[in-house]
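Colleague: Dropping the structure in here first, questions after.
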Amino acid sequence: MVDEATAVYELHDHKRCIHDAVTRADEVCRDKNVRLTPLRRRVFELVWQHHRPVGAYDLLAELAKEEGRNAAPPTVYRALDFLLEQGLIHRINSLNAYIGCTAPGCNHQGCFLICHRCKTTLEVDSDLLLKSIRTEAGLHDFLPQQAMVEVTGLCPNCRDAA
Ligand SMILES: [Zn+2]
Ligand SMILES: [Zn+2]
Ligand SMILES: [Zn+2]
């Protein structure tokens, strides 16, 4: 997992990332007894196209280019909702876009390092962070429900280029 995470910033065989992600998604869906229909799978692959969050309109545009797949917006939104529900993708609120989850099947909300220049987004282990959020909230008798963390900054590549 660590190797995979650092590789995001390097040139790598991204087809393998997509392939591995689809394999994991198949497993998750099989375990949960839900169906990864061809459209859901295609939307999932497109979300995984880069290590950058992708917006719903970009997905629609990509799908429109593909023959025989004139997916209407509601269909695509439903597919995205399905993928979110199954924990296969995350929604990056600050960008209003979606990114593939690197640890699907584990119940988590995710912590993301988002490069504001190239938009490369890395999902990192959020256990420690969430624990401190819960502790801090507890001090104020607050019950946290949603705690996605989106950190913006510069990735190594963009920092080197600057
Ligand atoms: Zn990759
Ligand atoms: Zn995740
Ligand atoms: Zn960057």
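Colleague: Given the conditions (1) within 11 Å of ligand 2 (Cβ to nearest atom); (2) in a strand (DSSP E or B); (3) of a type in the set (Val, Ile, Thr), report the number of the one that residue 102 does not fulfil.
Modeller: (2)
Colleague: Just to be sure I understand the filter: pairs with C-beta atoms under 9 Å, separated by 6 or more residues or on different chains, first member in the stretch 11-28 and of a type in the set (Ser, Thr, Tyr) and away from ligand 3 (no atom under 16 Å from the Cβ), second member in a helix (DSSP H, G or I) and modelled with pLDDT under 95. Which pairs pass?
Modeller: Sorted first by the residue in the stretch 11-28, then by its partner, the list stays empty.
Colleague: Taking only the stretch 143-162 into account, find how many residues are within 22 Å of residue 115 (Cα to Cα), loosely packed, with under 11 Cβ neighbours inside 10 Å and of a type in the set (A, V, I, L, M).
Modeller: Looking only at that region, the number is 2.
Colleague: Let me ask something additional. So residue 62 clears everything in (1) surrounded by 17 or more Cβ atoms within 10 Å (Cβ to Cβ); (2) modelled with pLDDT of 95 or more except one condition, right? Which one?
Modeller: Of everything listed in (1) surrounded by 17 or more Cβ atoms within 10 Å (Cβ to Cβ); (2) modelled with pLDDT of 95 or more, residue 62 misses just condition (2).
Colleague: Can you tell me which residues in the stretch 109-142 are β-branched (Val, Ile, Thr) and surrounded by 13 or more Cβ atoms within 10 Å (Cβ to Cβ)?
Modeller: Within the stretch 109-142, 114, 120, 121, 124, 133 qualify.
Colleague: I would also like to ask the following. With respect to the numbered conditions (1) touching a residue at least 24 places away in the same chain (Cβ under 8 Å); (2) within 15 Å of ligand 2 (Cβ to nearest atom), which one is the sole condition not fulfilled by residue 154?
Modeller: Every condition holds for residue 154 apart from (2).
Colleague: Restricting attention to the stretch 98-108, does a residue exist that is of a type in the set (S, T, N, Q), within 14 Å of the chain's Cα centre (by Cα), surrounded by 11 or more Cβ atoms within 10 Å (Cβ to Cβ) and within 23 Å of residue 16 (Cα to Cα)?
Modeller: So far as the stretch 98-108 goes, yes, one or more of its residues are of a type in the set (S, T, N, Q), within 14 Å of the chain's Cα centre (by Cα), surrounded by 11 or more Cβ atoms within 10 Å (Cβ to Cβ) and within 23 Å of residue 16 (Cα to Cα).
Colleague: Check whether at least one residue in the stretch 87-103 is among the charged types (D, E, K, R), at pLDDT 90 or above and farther than 17 Å from residue 45 by Cβ, and report yes or no.
Modeller: Yes, there is a match, as at least one residue in the stretch 87-103 is among the charged types (D, E, K, R), at pLDDT 90 or above and farther than 17 Å from residue 45 by Cβ.
Colleague: Given the condition more than 28 Å from residue 154 (Cβ to Cβ), within 16 Å of ligand 2 (Cβ to nearest atom) and not β-branched (Val, Ile, Thr), answer yes or no: does some residue in the stretch 46-62 qualify?
Modeller: No, the stretch 46-62 contains no residue that is more than 28 Å from residue 154 (Cβ to Cβ), within 16 Å of ligand 2 (Cβ to nearest atom) and not β-branched (Val, Ile, Thr).
Colleague: Please specify each residue of the stretch 6-44 satisfying the condition of being of a type in the set (Lys, Arg) and loosely packed, with under 15 Cβ neighbours inside 10 Å.
Modeller: Scanning the stretch 6-44 gives 15, 16, 30, 32, 35.
The values are calculated or read from the model by the stated rules, or taken from the named source; none is laboratory data. Nothing here was measured: the structure is a model prediction, and the numbers come from that model. Neighbour counts are summed over all protein chains in view; Cβ atoms, including those assigned to glycine, are modelled from backbone coordinates with ideal geometry.
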